[in-house]
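A.B. asks: Pasting a structure here, questions to come.
The values are calculated or read from the model by the stated rules, or taken from the named source; none is laboratory data. All of these numbers come straight from a predicted model, not from anything done at the bench. Glycine also receives a Cβ, built like all others from the backbone with ideal geometry; neighbour counts cover every protein chain displayed.
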Amino acid sequence: MDRLSNMLSSLKNASMAGKKVVETRYSKECEEVAKVLKEKGFLESVKVFKPEKTTVKRLHIELAIDDNVFALTEARRVSKPGRRIYRGADEIGTFKRGFGVMVVSTSKGIMSSTEARKKKIGGEIICEVY
């Protein structure tokens, strides 16, 4: 199972169903992507916790709401385990005219496409959120 794809589809489904909170299984990659989405205003909070009597960590994610409308309306995985998509720094452009965000995995860590462009670093395009 691809945990990041599961997290993205859970976020998208929660926003369509009108639910503010999502809990999903933890992975370092999911946590870093969620932190980037929080910086860009799509999520309100990201917390890592471990339920009692279990050994598995989980992520508690709250979606951001602006004027009774969820900030996140669509989340799509671009680079999949079966087909990786890489772009150079000069090939990373804006997404949805600046209203969306592409999350990029670079040699300096996971960051948004605008930050990767500023630092002139290319990498793997993980997902697109708008």
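A.B. asks: From the set of residues in the stretch 1-31 that are among the hydroxyl-bearing types (S, T, Y) and more than 20 Å from V56 (Cα to Cα), which is farthest from the chain's Cα centre (by Cα)?
C.D. replies: S15
A.B. asks: Would you point out the residue of the stretch 58-80, among those that are in a strand (DSSP E or B) and hydrophobic (A, V, I, L, M, F, W, C), that is nearest to the chain's Cα centre (by Cα)?
C.D. replies: Only one residue fits best here, namely A75.
A.B. asks: In the stretch 38-59, is there at least one residue being crowded, with 16+ Cβ neighbours inside 10 Å, farther than 20 Å from I110 by Cα and touching a Leu at 6+ places or on another chain (Cβ under 9 Å)?
C.D. replies: No, the stretch 38-59 contains no residue that is crowded, with 16+ Cβ neighbours inside 10 Å, farther than 20 Å from I110 by Cα and touching a Leu at 6+ places or on another chain (Cβ under 9 Å).
A.B. asks: Could I ask something else about it? In the stretch 81-95, which residues are more than 18 Å from K38 (Cβ to Cβ) and either under 16 Å from the mean Cα position of the chain (by Cα) or touching a residue at least 40 places away in the same chain (Cβ under 8 Å) (or both)?
C.D. replies: Within the stretch 81-95, P81, R84, I85 meet the criteria.
A.B. asks: Now for a different question. Looking at the stretch 81-91 only, could you name the residues that are assigned to a strand (DSSP E or B) and surrounded by 13 or more Cβ atoms within 10 Å (Cβ to Cβ)?
C.D. replies: Restricting attention to the stretch 81-91, the residues satisfying the condition of being assigned to a strand (DSSP E or B) are 83, 86-87.
Listed by number, the list holds a single entry, R87.
A.B. asks: Here is a follow-up. Residue check: is K108 of a type outside the set (G, A, S), modelled with pLDDT of 95 or more, more than 27 Å from K19 (Cβ to Cβ) and surrounded by fewer than 18 Cβ atoms within 10 Å (Cβ to Cβ)?
C.D. replies: Yes: the conditions hold for K108.
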